[in-house]
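Heads up: the structure comes next, in structure tokens.
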Amino acid sequence: MGNSDHKFVKPTESCIKPVKLNTHIKGTIGEYQEIVNLTKAGWYVSKSCDPQCPFDLVAVSQDGKTVRLIDVKTRTYRFKKNSDGTRQKIGRCTTPLQKEMGVELILVDHGNL
């Protein structure tokens, strides 16, 4: 067991370095953000287990009459800025299979993540 006299030293703000998250982690965060949003809006939500599945989430209304297949994408930007100084968004669209299945696309913007 540890020594009870040992004191934890809290790191100062200057020694905390920001961590750049990879795209997989950002995608997972976005999916869970949407699960929270849909659940708060009254939907039952299930997450896909298959990484090759054409949708990430299945949302079912509380009465069971509406089923939504949802693909969550993280909004991405180009390094080049527009003439007004804003960042250029990279467009996203559904695949032919997703269109055939009626999959909805939800774009999530993480800001500084």
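What follows draws every value from the coordinates through simple rules; no lab data is involved. Since we're looking at a predicted model, the values are computed, not measured. Every residue, glycine among them, receives a Cβ derived from its backbone with ideal geometry; neighbour counts consider all protein chains shown.
Based on other C-beta atoms within 10 Å, arrange 53, 93 from fewest to most.
Listed from fewest to most nearby Cβ atoms, that is 93, 53.
Give me the extension gain from residue 37 to residue 92: residue separation times 0.36 nm, minus the current Cα-Cα distance, reported in nm with one decimal.
17.7 nm
Based on Cβ point charges of +1 for Lys and Arg and -1 for Asp and Glu, what charge dipole magnitude is obtained for segment 18-108 about its Cα centre, in debye rounded to the nearest 20?
Dipole size: approximately 600 debye.
Could you work out how far apart the two model spin labels at residue 66 and residue 46 are, taking each label as a point 7 Å from the Cα in the direction of the beta carbon, and quote it in nm?
1.9
For Cα pairs less than 8 Å apart in space and 6+ apart in sequence, what is the mean separation divided by the residue count of segment 18-108, i.e. the relative contact order in percent?
For segment 18-108, the relative contact order is 23 percent.
Suppose we keep just the DSSP beta bridges with both residues in segment 18-108; what percent of those would be antiparallel, to 5?
Of the beta bridges lying entirely in segment 18-108, close to 70 percent run antiparallel.
Let me check the size of segment 18-108 from its C-alpha atoms; what are the radius of gyration and Dmax in Å?
Calculated on Cα positions, Rg and Dmax stand at 15.2, 48 Å.
Which lysines does residue 73 reach when only Cα atoms under 24 Å apart count, and residues fewer than 8 places away in its own chain are ignored?
Once the sequence-local lysines are set aside, what remains near residue 73 is 20, 26, 40, 47, 81, 89, 99.
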